[in-house]
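For reference, the structure discussed in these notes is given below.
The values are calculated or read from the model by the stated rules, or taken from the named source; none is laboratory data. The structure displayed is predicted, hence computed values, not measured ones. Note that we place each Cβ from the backbone using ideal geometry, even for glycine, and neighbour counts take in every protein chain shown. Each accessible area value is taken on the protein alone, full model and side chains, heavy atoms only, with ligands, DNA and RNA left out. Shrake-Rupley method; radii C 1.70, N 1.55, O 1.52, S 1.80 Å.
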Amino acid sequence: MPRLSSGARRMVTALGVLASLSLLTVQPAFAEPWFMGTDSVEAGQLSQLWWLTLILSAVVFVMVEGLLIYSSIRFRRRTSLPSVEPPQIHGNTRLEVMWAIVPAVILISLFGLSVRTLSAMSVIPEDGERIRVEGAQFSWNFTYQDSGVQVSSTNGALVIPTERPVIFEITARDVIHSFWVPDLGGKTDAIPGKLNRMTWTVLKPGMYRGVCAELCGSGHAGMLFSVDARPLAEYQAWLEQQKSGAGAAPPAAGGVAAGDSSAGRALIASKGCGGCHNVPGVQGANGAVGPSLAGVAGRTKIAGGAVNNTGPDDLKKWIMDPKALKASTAMPTLGLTDAEATSIVAYLETLK
Ligand code: CUA
């Protein structure tokens with residue numbers, strides 16, 4: 001008998017030690033993006049609350065499960081039937097009051113702390129950089145509200161200052177997306193017709209990885225973006241450079257021959273062509289439903305051999321209205337403008 005109960009005690013101790021050890025080893029293991037990062041003031045607040053909740057839950061879990069396992073072993077039936085009922089504790093008022101009050105106090109404290117943290121995080125500062133974030137299938141568009149500078153995730157990083165609040169106004173063009181940079185904060189849903197606000201004050205300059213955290217269609221996995229956090233002076237220099245036209249101007253409307261291939265590349269990403277086609281140079285464009293577009297401009301026949309391709313104009317006609325050239329095609333009509341189609345073909349030409 002004493003041999004068994006000491007074995008049970010050893011088992012409970014071992015479980016407790018194991019649980020504490022696994023807690024200790026969780027955080028240092030993540031040098032890469034970690035969903036409870038602390039590189040912005042807001043992410044730090046959230047992280048603190050998360051760790052506190054986790055540790056409290058872990059203590060309760062280990063206690064409850066430990067007692068359960070201990071009791072199952074220590075008080076298991078040892079005599080053959082009919083067994084004797086062990087002493088019951090029903091009616092122990094002190095014990096019952098205690099296990100009603102302790103959980104209530106823990107839950108009310110957690111509730112209070114959560115409300116405090118969330119309200120601190122939802123304060124929108126008067127002074128800060130305001131950036132509009134628009135999610136679209138399948139890219140992110142960032143507009144710097146004070147200067148009108150625009151950046152798309154298909155051809156650049158979201159550049160932001162450190163040590164200064166950045167206020168994001170988050171929305172979507174088509175379906176629901178979700179804006180998330182694990183190290184800095186989020187995640188905030190991007191909903192068509194709605195504006196969700198979120199503030200970051202980034203503490204450390206550096207490159208951070210962002211993702212779309214809402215399944216939004218076939219190109220969802222390709223909705224990655226980079227955040228480039230720079231010291232304020234460097235950020236302002238970058239913004240000035242963008243304003244003074246270093247940012248590529250959009251192609252002249254109706255331009256016939258010379259489309260802007262980098263605009264075309266961005267269009268291929270935003271129209272979701274990559275859901276069906278493999279398109280070299282476009283992030284996430286690795287669909288296998290349709291043919292690969294590598295070298296498409298150099299082919300003499302397109303649309304499965306149904307359409308002659310003698311030059312850019314044929315390709316343009318095809319992508320503007322595929323059903324007019326081959327009624328049975330699976331290629332959708334995207335409603336491209338002339339200028340958009342010209343740019344897309346300009347990019348496809350570079351894949352010869
Ligand atoms: Cu956008 Cu997932």
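If you take the charge dipole of the chain about its Cα centre, with +1 on Lys and Arg Cβ and -1 on Asp and Glu Cβ, which of 227, 137, 99 is farthest toward its positive end?
Of the candidates, 99 comes out farthest on the positive side.
Rounded to the nearest 10 Å², what accessible area does residue 144 show when all protein chains are kept and the probe is 1.4 Å?
Accessible surface of residue 144 is approximately 0 Å².
Under 5 Å between amide H atoms, partner at least 5 residues away or on a different chain: which partners does residue 159 have, H built in plane at 1.01 Å?
Placed amide hydrogens put 228 under 5 Å from residue 159.
Would you be so kind as to identify all helices of the chain, as entire DSSP H runs, whose Cα atoms reach 30 Å or more along the helix's own axis and whose mean Kyte-Doolittle hydropathy is at least 0.5?
Span-like helices, by this rule, are 2-26, 41-74, 93-121.
For the residue pair residue 89 and residue 301, what label-to-label distance in nm results when each label sits 7 Å from Cα along the Cα-to-beta-carbon direction?
The answer from the label model is 8.3 nm.
Just check region 268-352 against the gyration tensor rule for me: Cα atoms, a ≥ b ≥ c as the square roots of the eigenvalues, rounded for a/c under 1.5, and otherwise prolate or oblate depending on whether a/b exceeds b/c.
It comes out rounded by the Cα gyration axes.
Round to a whole number: what % of the accessible area of the chain belongs to carbon and sulfur, probe 1.4 Å?
61 percent
Give a residue-ordered list of calculated ³J(HN,Hα) values for region 202-210 (Karplus: 6.51 cos²θ - 1.76 cosθ + 1.60, θ = phi - 60°; whole Hz; x for Gly, Pro).
Running phi through 6.51 cos²θ - 1.76 cosθ + 1.60 with θ = phi - 60° gives 7, 9, 10, x, x, 9, 10, 9, x Hz.
With +1 on each Lys and Arg Cβ and -1 on each Asp and Glu Cβ, how big is the dipole of the chain about its Cα centre, in debye rounded to the nearest 20?
1600 debye
Among the DSSP beta bridges whose two residues both lie in the chain, what percent are antiparallel, rounded to the nearest 5?
Taking every DSSP beta bridge within the chain, about 70 percent pair in antiparallel fashion.
Strictly over 30 Å apart at the Cα level, which of 204/271; 187/271; 194/323; 204/243 would you flag in this model?
Pairs exceeding 30 Å: 204/271; 194/323.
Give the separation of the Cα centroids, region 166-189 to region 64-141, in Å.
A separation of 29 Å, based on Cα centres.
Collect residues whose amide H, placed 1.01 Å from N in the peptide plane, falls under 5 Å from the amide H of residue 334; neighbours closer than 5 in sequence don't count.
none
Count the net charge of all other residues whose Cβ sits under 12 Å from the Cβ of residue 329, scoring Lys and Arg as +1 and Asp and Glu as -1.
+1
Amide H of residue 214: which non-local residues (sequence gap of 5 or more, or other chain) have their own amide H closer than 5 Å, using H built in the peptide plane?
Amide H neighbours of residue 214, under 5 Å, 5+ apart: 178.
When the chain is fully extended, how far beyond the present Cα-Cα distance does residue 175 get from residue 113, taking 0.36 nm per residue of separation?
So the extension gain works out to 19.0 nm.
What net charge is computed for the residues neighbouring residue 293, neighbours being all others with C-beta under 13 Å from the C-beta of residue 293, Lys and Arg scored +1, Asp and Glu -1?
Net charge in that neighbourhood comes out at +3.
Determine how large the accessible area of residue 173 is when every protein chain is in place; take a 1.4 Å probe and give Å² rounded to the nearest 10.
Accessible area of residue 173: about 130 Å².
Which aspartates and glutamates, if any, have their Cα less than 17 Å from the Cα of residue 301, not counting same-chain residues under 8 positions apart?
The qualifying aspartates and glutamates are 313, 314, 321, 349.
Before I look further, what does the chain give for accessible area per residue, probe 1.4 Å, in whole square angstrom?
Each residue of the chain exposes 57 Å² on average to a 1.4 Å probe.
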